Amino acid sequence: MLLADLVLPAHLTQYGITPRTLDGLVPGILAAPFLHADAAHLAANTVPLVVMGVICALRDRRGMWTALVFALVASGLGVWLVSPANSVTVGASGVAFGLLGYLLARGVFMRRIGDLLIALLVFAVYGSLIWGVLPTSPYVSWQAHLFGFLGGIAAAIAVARARRSEAAA
């Protein structure tokens, strides 16, 4: 998308999430994770997404997709509802925070040693990101981070409940 933004006369970042507007809701929530302000922004989101995404996929592919959907929707709706008016939010950091929340919470809610060890490893590597859910910089969407993280936790709860229901059936 960055290349398209450089070549095309329009700036694609305008299709990000604009709070409390219909255009900011759709396509904003779906488009925002694919739009980035610059190459550094893209790189900063790509590394944790790839690392945590691979961990999720290797552990439980269905759970990974659940976490991605929950994080995308929760992050996007949270930004749309809470961010300042006339702002535009782009980037995949809300989804990355969702995967972080999912992996940490999965370790607690799945009640399996492997998931708990993964949670501890992820916390050791990415635990300092937790501060990103607080409003520390005017150019960083703490709203996306917070709501993505909460979406990831919700996904872990949903996946754990589904697994327990499957096991009981």
Could you list, in sequence order, the residues of the stretch 1-22 that are open to solvent by 50 Å² or more (accessible area, probe 1.4 Å), modelled with pLDDT of 85 or more and assigned to a helix (DSSP H, G or I)? Gln14, Tyr15, Leu22
Just checking, how many residues over the stretch 23-45 are open to solvent by 60 Å² or more (accessible area, probe 1.4 Å) and within 18 Å of His145 (Cα to Cα)? 6
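Yes or no, residue by residue, for (1) of a type in the set (Gly, Ala, Ser); (2) modelled with pLDDT under 95:
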site	(1), (2)
Gly63	yes, no
Val69	no, no
Ala74	yes, no
Pro84	no, no
Thr89	no, no
Phe97	no, no
Leu103	no, no
Arg111	no, yes
Leu116	no, no
Among residues of the stretch 54-74 being open to solvent by less than 10 Å² (accessible area, probe 1.4 Å) and small (Gly, Ala, Ser), the residue farthest from Phe34 (Cα to Cα) is Gly63
Over the stretch 75-106, the set of residues exposed (fewer than 15 other Cβ atoms within 10 Å of the Cβ) and among the polar types (S, T, N, Q) is Asn86
Here are some residues: Trp131, Trp142. Which one is open to solvent by 40 Å² or more (accessible area, probe 1.4 Å), touching a Pro at 6+ places or on another chain (Cβ under 8 Å) and not small (Gly, Ala, Ser)? Trp142
Filter pass, Ser165 being part of a helix (DSSP H, G or I), without any contact (Cβ under 8 Å) to a residue 12 or more places away in the chain and open to solvent by less than 90 Å² (accessible area, probe 1.4 Å): yes
Quick check on the stretch 107-120. Is at least one of its residues in contact with a Pro (Cβ under 9 Å, 6 or more places away or on another chain), aliphatic (A, V, I, L, M) and open to solvent by less than 40 Å² (accessible area, probe 1.4 Å)? no
Do the conditions hold for Leu100, that is, is it in contact (Cβ under 8 Å) with a residue 40 or more places away in the chain and within 12 Å of the chain's Cα centre (by Cα)? yes
Would you call Ala85 touching a helix residue (DSSP H, G or I) at 6+ places or on another chain (Cβ under 8 Å) and among the aliphatic types (A, V, I, L, M)? no
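The values are calculated or read from the model by the stated rules, or taken from the named source; none is laboratory data. Everything quoted here is computed from the prediction, not taken from an experiment. For neighbour counting, all protein chains shown are included, and Cβ atoms are generated from backbone atoms with ideal geometry for every residue, glycine included. SASA here: full protein model, heavy atoms, side chains in, ligands and nucleic acids out. Shrake-Rupley method; radii C 1.70, N 1.55, O 1.52, S 1.80 Å.
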